[in-house]
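A quick write-up on the structure given underneath.
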Amino acid sequence: MTRPVRVSGSREFARFYSSLQNISLKENIENAMDALKENPSAGDRIRNNLWPKKYIKNYLINNLLVYKFGSDWRMLYTITVDKEQTACVILEVLDHKNYDNLFGYKTS
């Protein structure tokens, strides 16, 4: 029997999502949430030496993954596991430029 997977979002994500006007992006996020329910590890793991300090401080993460929507958007999330379920918590959705800035990457 597989464990149930719950997908939820941080307050920061909830504010972003509730104010979202871009229907295409909203659909991409909903599709990603469905994908995470099927496979919580669907995103790419981010090495812990790259984790932004705000995620460590605010969410006490011990893993960080990124789910990419084409070349334009990135969804950052963490996975938690307890005795009863696995949970994916979406921390933030960023456009590519803000994602690069958050991780200190040079943008073109």
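Annotations
- Within the stretch 86-102, the residues that satisfy the criterion of being surrounded by 15 or more Cβ atoms within 10 Å (Cβ to Cβ) and either hydrophobic (A, V, I, L, M, F, W, C) or closer than 15 Å to Y17 by Cβ (or both) are A87, C88, V89, I90, L91, E92, V93, L94, L102.
- Only one of the numbered conditions (1) under 25 Å from S18 (Cα atoms); (2) modelled with pLDDT of 95 or more; (3) not acidic (D, E) is violated by S71, and that is (2).
- Comparison of A32, A14 shows that the only residue that is assigned to a helix (DSSP H, G or I), modelled with pLDDT of 95 or more, under 15 Å from the mean Cα position of the chain (by Cα) and surrounded by fewer than 16 Cβ atoms within 10 Å (Cβ to Cβ) is A14.
- The residues on offer are K37, K68, K83, and the sole one that is among the charged types (D, E, K, R) and surrounded by fewer than 11 Cβ atoms within 10 Å (Cβ to Cβ) is K83.
- I56 being out of contact with any Lys or Arg (no Cβ under 9 Å at 6 or more places or on another chain), among the hydrophobic types (A, V, I, L, M, F, W, C) and surrounded by 13 or more Cβ atoms within 10 Å (Cβ to Cβ): yes
- Taken as a whole, the structure places G43 among residues that are touching a Lys or Arg at 6+ places or on another chain (Cβ under 8 Å), closer than 23 Å to F103 by Cα and not aromatic (F, W, Y).
Listed here are the residues, each with its yes/no results for (1) of a type outside the set (V, I, T); (2) touching a residue at least 12 places away in the same chain (Cβ under 8 Å).
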| position | (1), (2) |
| --- | --- |
| Q21 | yes, no |
| K26 | yes, no |
| E38 | yes, yes |
| N62 | yes, yes |
| T80 | no, no |
| K83 | yes, no |
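- Among (1) at pLDDT below 95; (2) in contact with a helix residue (DSSP H, G or I) (Cβ under 8 Å, 6 or more places away or on another chain); (3) not β-branched (V, I, T), the one test that Q85 misses: (2)
- Qualifying residue in the stretch 45-53 (condition: among the β-branched types (V, I, T), at pLDDT 95 or above and within 22 Å of R3 (Cα to Cα)): no
- Y77 being modelled with pLDDT of 95 or more, in contact with a helix residue (DSSP H, G or I) (Cβ under 8 Å, 6 or more places away or on another chain) and of a type in the set (F, W, Y): yes
The values are calculated or read from the model by the stated rules, or taken from the named source; none is laboratory data. On a predicted model such as this, the values are computed, not experimentally measured, just so you know. Because the Cβ atoms are built from the backbone with ideal geometry, glycine has one as well, and the counts that use them run over all protein chains shown.
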